[in-house]
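The values are calculated or read from the model by the stated rules, or taken from the named source; none is laboratory data. The shown structure was predicted, so the numbers you read here are calculated from the model rather than taken from an experiment. In this analysis, Cβ positions are derived from the backbone assuming ideal geometry, glycine residues included, and neighbour counts consider all displayed protein chains.
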Amino acid sequence: MTWFLYAALLAVGYALGRARLGHRASQWAAWQLVGKRPTGPRWWLGYTVRSAENIGWLLAHPVQGVHAFKHRNDPPPQRSPAMKIRRYDGEA
């Protein structure tokens with residue numbers, strides 16, 4: 001019975017993952033927030049959808065969220081030194 005429950009939970013999780021609930025709403029919200037100066041109810045709804053998406057991600061991935069918050073203002077990594085190019089005289 002336990003294995004049947006695990007298989008059923010796995011199937012339900014897979015189906016929910018494939019359905020991508022909220023994907024269309026997320027895409028719509030992303031497009032509403034693109035532009036010169038979005039205003040009005042569409043702007044509010046777009047930010048509400050995006051905020052819900054971010055809160056859901058933080059609830060699903062708390063450790064990564066804390067890590068990202070701690071390192072949000074870190075400077076970019078230093079660049080490696082430039083490559084040195086030597087002349088090739090044609091001899092091996």
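Please verify whether the stretch 69-88 includes one or more residues that are part of a loop (DSSP other than H, G, I, E, B) and surrounded by 10 or more Cβ atoms within 10 Å (Cβ to Cβ).
no
Looking only at residues in the stretch 7-31 that are more than 27 Å from PHE69 (Cβ to Cβ) and exposed (fewer than 10 other Cβ atoms within 10 Å of the Cβ), which one is modelled with the highest pLDDT?
Among them, the one singled out is ALA15.
Take the stretch 71-92 and flag every residue that is basic (Lys, Arg) and at pLDDT below 90.
Once the filter is applied, which keeps residues that are basic (Lys, Arg) and at pLDDT below 90, the stretch 71-92 yields ARG72, LYS84, ARG86, ARG87.
Could you tell me which residue of the stretch 20-49 is farthest from the chain's Cα centre (by Cα), considering only residues that are among the aliphatic types (A, V, I, L, M) and more than 16 Å from ALA60 (Cβ to Cβ)?
LEU45
Taking the condition of being surrounded by fewer than 12 Cβ atoms within 10 Å (Cβ to Cβ) and in a helix (DSSP H, G or I), how many residues in the stretch 32-43 meet it?
1
With the checklist (1) free of Cβ contacts under 8 Å to residues at least 12 places away in the same chain; (2) aromatic (Phe, Trp, Tyr); (3) surrounded by 10 or more Cβ atoms within 10 Å (Cβ to Cβ) in hand, flag the one item TRP3 doesn't pass.
Answer for TRP3: the failing condition is (3).
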